1. State whether the residues of the range 116-128 include one that is more than 16 Å from the ligand (Cβ to nearest atom) and farther than 19 Å from Ala491 by Cβ.
2. Please specify each residue of the range 255-298 satisfying the condition of being of a type in the set (Val, Ile, Thr) and not in a helix (DSSP H, G or I).
3. So, of the residues in the range 131-150 that are among the aliphatic types (A, V, I, L, M) and crowded, with 21+ Cβ neighbours inside 10 Å, which turns out to be farthest from the ligand (Cβ to nearest atom)?
4. Would you check if there is a residue in the range 98-105 being within 16 Å of the ligand (Cβ to nearest atom), modelled with pLDDT of 95 or more and of a type in the set (S, T, N, Q)?
5. When you check Arg317 against the structure, is it modelled with pLDDT under 95, surrounded by fewer than 19 Cβ atoms within 10 Å (Cβ to Cβ) and not hydroxyl-bearing (Ser, Thr, Tyr), yes or no?
6. Determine whether the range 158-171 contains at least one residue that is more than 22 Å from Ser117 (Cβ to Cβ) and either within 14 Å of the ligand (Cβ to nearest atom) or part of a strand (DSSP E or B) (or both).
Amino acid sequence: MRTIKSNINTKGEPYVSNYRDMSEAIQKLRIELARSTLGGGEKYVNRHLSRGRLLPRERIEMLLDDGSYFLEIAPLAGIGMQNEFVGAGVVGGIGLVSGRECLVVANEATVKGGAVSEIGQLKHRRLADISAQNRLPAISLVESAGADLPVQSKIFVPGGRGFREITRRSRERIPSVSVVFGNSTAGGAYTPGMSDYIVMVKGQAKVFLGGPPLVKMATGEVVDEESLGGAEMHSRVSGLSDYLADDELDAIRMARDIVSHFDREPLAWPATGVETPMYPSGELLGIASADIRVPFEVREVIARLVDGSRFDEFKARYGTTLVTGFAYIHGFQVGILANNGVLLSESAGKGAQFIQLCNQQNIPLVFLQNITGFMVGRAYEEQGIIRNGAKLINAVSNSTVPAITIMIGGSYGAGNYAMCGRAYEPRFLFTWPNHRIAVMGPQQLSGVMDIIKRDAAAKEGKPVNEAELITARQALESQIELESDCYFATARLWDDGIIDPRDTRTVLGISLAISCRQPVRGTMEFGVFRH
Ligand code: COA
């Protein structure tokens, strides 16, 4: 396989400015990620520690095997949102427990007693999907006040899905373990309640449908917490608990023992002899432009992600705004689709063909998305840009090999869909800090609305109020600018997290290893292609 020859000048522009801008963006990312580890703040963390308890990240660290990776999912969920803490009150990700890849989810008890907020629920749902799609055993480290009560209307009804999915996964032989470290009330009680295995920590776990105040109000019965739902009672009387742990460390040991009985699916990590790329990953910072309107050569990115910088490019001279080809990443063979400009009819058709080829040979897909959308205009419509774009979306929608999407720049319009955006269910989707996402750019969108308003006024024969239109246009532009930000996106679980571009190869390697635990099976069945 031929190697990609890099042509960048690390001493000149735009490399130097790109490097500076990306470094600043990474600095901001580091600060936000550090903030995401602070839980509910000093007061609540100190109170938690003074009760002799471990913090959720400490529990996870103790649970994981020595030297295991932890691929954290959506650490910045909820960031900048009303009624949300950074991380949305839950820590979740994938790592090795007793030699098995597992999904680990820990309530952040220092945030509203571990209550599940609106975004917290979305994050729980995403984590559950990861367990189901990749057949990962799930371990919940529970300490949760149930639903975030003031926002119950947003979570109560859809929240039922989470409990349903635990038992459906169980039916599919994907086991679940709950370790209860503290209060686990009402909705919080059903996560352990639906799990296959439950461990409870003596003197700490309190699991009940309603706490003593609710019981008193409902029935007049006066009962203390320990008798109502303590670990001893559940282990000896109700039978809800399967294992009674002396303390938190004992509980974590028990969870590790339970997992050690699970079917050991062979880890998909390839053996040895993996070549590293020929060019340093640090150079990625100078390649991607912080201004998504400035294009960059995507082969320079591929050269820094794939084994030995080797890339067998497919249809290199046709539909050149989409680069397609075969490569290996950490020893996993992949088919790469990467934007190198706006999507045209030829590039869309080429992408659809390439996806079919990868499905035919059971090869996972990697999408490198940097797309301002499909080309618009009369000539392009006449050539059938919608028809051809639909082909690519058809192929992406029906493809059954695992796909992993990395947003390395802009993600606009139907380009988001055609390049396997969130709605197309890639197994994992991460973004770079320069990422921007919206139906279209802020200027274009506000300009379109301006034209629509002017046309409407003209049809009615009314004069326009110029000052009002300008104010409305500016306000809309600022709103869309804000909503296109990568933090706005990650807050809402539109992705699995923002990563340092230098970590992309590692993140892809882990994501591929998780996605390829089960045999990769492509399909030859697609919807009707519109030719
Ligand atoms: N929804 C929203 N906020 C909640 C909450 C819930 N379910 N449970 C607790 N909080 C808030 C508290 O109001 C408090 O906020 P404040 O510090 O701003 O006043 C903060 O979380 C910490 O709660 P606190 O009671 O001081 O913590 P604790 O560690 O001593 O006790 C619980 C934790 C879980 C035992 C206790 O908060 C509790 O019983 N909560 C209600 C549980 C419940 O009935 N849930 C039913 C939901 S379906």
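1. There is at least one residue in the range 116-128 that is more than 16 Å from the ligand (Cβ to nearest atom) and farther than 19 Å from Ala491 by Cβ.
2. The answer is Thr272, Val274, Thr276, Ile292, Val294.
3. Going through the qualifying residues, I end up with Leu136.
4. Scanning the range 98-105 turns up no residue that is within 16 Å of the ligand (Cβ to nearest atom), modelled with pLDDT of 95 or more and of a type in the set (S, T, N, Q).
5. Spelling it out, it is not the case that Arg317 is modelled with pLDDT under 95, surrounded by fewer than 19 Cβ atoms within 10 Å (Cβ to Cβ) and not hydroxyl-bearing (Ser, Thr, Tyr).
6. no
A quick yes/no check of all residues on (1) more than 22 Å from the chain's Cα centre (by Cα); (2) more than 30 Å from Val439 (Cβ to Cβ); (3) of a type outside the set (Lys, Arg); (4) modelled with pLDDT of 95 or more:
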residue: Ser289; (1), (2), (3), (4): yes, no, yes, no
residue: Ser309; (1), (2), (3), (4): yes, yes, yes, yes
residue: Val334; (1), (2), (3), (4): no, no, yes, yes
residue: Ala338; (1), (2), (3), (4): no, no, yes, yes
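Per-residue answers, yes or no, for (1) of a type outside the set (A, V, I, L, M); (2) at pLDDT below 95; (3) crowded, with 24+ Cβ neighbours inside 10 Å:
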site: Arg164; (1), (2), (3): yes, no, no
site: Asn183; (1), (2), (3): yes, yes, yes
site: Met200; (1), (2), (3): no, no, yes
site: Leu209; (1), (2), (3): no, yes, no
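The values are calculated or read from the model by the stated rules, or taken from the named source; none is laboratory data. These figures come from a predicted structure and were not determined experimentally. Positions of Cβ are backbone-derived with ideal geometry, glycine not excepted, and every protein chain shown enters the neighbour counts.
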